1. So for the chain, what are the equivalent ellipsoid semi-axes in whole Å, largest first, each being the square root of 5 times an eigenvalue of the Cα gyration tensor?
2. With the chain treated as a Gaussian network of Cα nodes joined by springs under 10 Å, which of GLY41, GLY111, GLY89 yields the largest mean-square fluctuation?
3. So how far apart, in nm, are the two label points at THR115 and MET59 if each is 7 Å from Cα heading toward Cβ?
4. For the chain, which span is the longest to avoid every loop-located (per DSSP) member of trypsin sites (Lys or Arg not before Pro) having at most 15 other Cβ atoms inside 10 Å?
5. Listed here are the pairs LYS92/LYS137; LYS49/LYS127; LYS92/LYS127; LYS2/LYS126; which of them are more than 19 Å apart at the Cα?
6. According to the square roots a ≥ b ≥ c of the eigenvalues of the Cα gyration tensor, what is the shape class of region 49-120, taking rounded for a/c under 1.5, prolate for a/b larger than b/c otherwise, and oblate for the remainder?
7. Given a Förster distance of 22 angstrom, what is the FRET efficiency for VAL102 paired with GLN15, based on the Cβ-Cβ distance and rounded to 0.05?
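Rule-based calculations on the coordinates, nothing more; no lab input. As the structure is a prediction and not an experimental result, all values here were calculated from the model. In this analysis, Cβ positions are derived from the backbone assuming ideal geometry, glycine residues included, and neighbour counts consider all displayed protein chains.
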Amino acid sequence: MKSTITVEINLPQAQVAELFSNPQHTTRWMHDVDRIEVVSGELGMPGSKYRLVPKKGDMVFVATVLSRDLPNQVRLSLDSSNLVVSVTGTFKVLSPTKTLLVSQEVFHFKGVISTIFGFLARFAIKKAHRRHIEAFKLFAET
């Protein structure tokens, strides 16, 4: 399953890219994440890994930074026991003070039960993706 959300942000490309790609800001806009925990590497750099620990529930993701081509793009892999999410954030210049953020998430469910759940929950998953990107826009612009 794939979800793509685009949003215009009233900031220069480099600033949007830096805010989005810095894991230390995650809890300021992903309101369902309680904290991040460094697993290995230099946080936010290619090859580094960190845990996203939720405020509720037990679905912990381990994020791996796959590439960081700032100010143009960042790619992550989020891995949990039932799911792998490939995340690509692309930052396009609209003007010197405006950036288009294109956030693409591709979901790969592990096992039959997870695949069925993913199919049934696809609208909720896409809604959560939109909520996260809208929250990022608000965080970045304020």
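1. Working: eigenvalues 119, 61, 38 Å².
Largest first, the chain gives 24, 17, 14 Å.
2. Comparing GLY41, GLY111, GLY89 in the GNM, the peak value goes to GLY111.
3. 1.8
4. Free of exposed loop sites, the longest segment is 1-54.
5. On the way: LYS92/LYS137 14 Å; LYS49/LYS127 26 Å; LYS92/LYS127 23 Å; LYS2/LYS126 9 Å.
The pairs that break the limit, which is 19 Å between Cα atoms, are LYS49/LYS127; LYS92/LYS127.
6. Numbers: a/c = 2.51, a/b = 1.99, b/c = 1.26.
Cα axes put region 49-120 in the prolate bin.
7. Values: r = 16 Å, r/R0 = 0.75.
Plugging the Cβ-Cβ distance into 1/(1 + (r/R0)^6) gives 0.85.
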